[in-house]
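Please treat every number below as a calculation from the coordinates, not as lab data. Treat the numbers as computed from the prediction; the structure is a model and nothing was measured. Please note: Cβ atoms are built from the backbone with ideal geometry, for glycine as well, and neighbour counts cover all protein chains shown.
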């Protein structure tokens, strides 16, 4: 029996019903389902009827179609990650809002009550995603900022000019920290491919390094919990979740990338496996 097929036994904290008790979790969902995040049948195939404990995902960013004054499309910039396949673009922010209104409620309907949301986006995507999340009964808890190292310097200072954010939403307000509590992590500095995983798995333009996802997953999920990612891309999020002892259910609409994610998750390991 492989690591992917073997059920896990974990100690569950008081949040699972008071006190400590031994819980047998179902086997992780193997591989990645090739499917549309806006379709119910895709979630049924990925989740098998189980509800996820958290939504952590990296949907298409609100990148607008680049047109010349006469309306014809501009040529892509050579060498820019955001102009490479499979990155898509939207005609307007209104179109992006309509897209968000289609997929986000669908994904949330497959979560356990009170499950957190963590959604990566760019500047233009913040308002549409936040608006739809509020309509679903969520409130913003904060933003994890990935400060991207784009150049190497040997000096004492380095200017990090590029960043991406993961919007975090909760049903209830975060409790205030006690004086002895550790601080919450809201920022991580890292390069696009510090760990070499992007190059290994196809250099997807929306790849996220493990050091960035680790902070997000440790903060909002626990070992044994099921993390839902309906926009798997190259599999950065589900692979990081499994590496941290979480389980993963994921979708990817592009067949070739769904196949790569399945291959990647087949090699993913978790503590104690």
Ratio of the Cα radius of gyration of the range 92-150 to 2.2 N^0.38 Å, where N counts its residues: 1.20
So for R0 = 30 Å, FRET eff. of residue 178-residue 41 from the Cβ-Cβ r, to 0.05, ends up at 0.05
Hey, can you rank 174-182, 226-234 by average C-beta count inside 10 Å, highest first? 226-234, 174-182
Solvent-free Debye scattering, log10 I(q)/I(0), computed from the Cα coordinates of the range 204-273 at q = 0.14, 0.15, 0.17, 0.25 Å⁻¹: -0.37, -0.42, -0.54, -1.15
The range 177-219 versus the range 115-143: alpha-carbon centroid distance in Å: 19
How would 96, 61 line up from fewest to most surrounding beta-carbon atoms within 10 angstrom? 61, 96
Going by how many other beta carbons lie within 10 Å of each one, how would you line up 172, 58, fewest first? 172, 58
Using only the Cα atoms, what convex hull volume per residue in Å³ does the range 116-262 have? 142
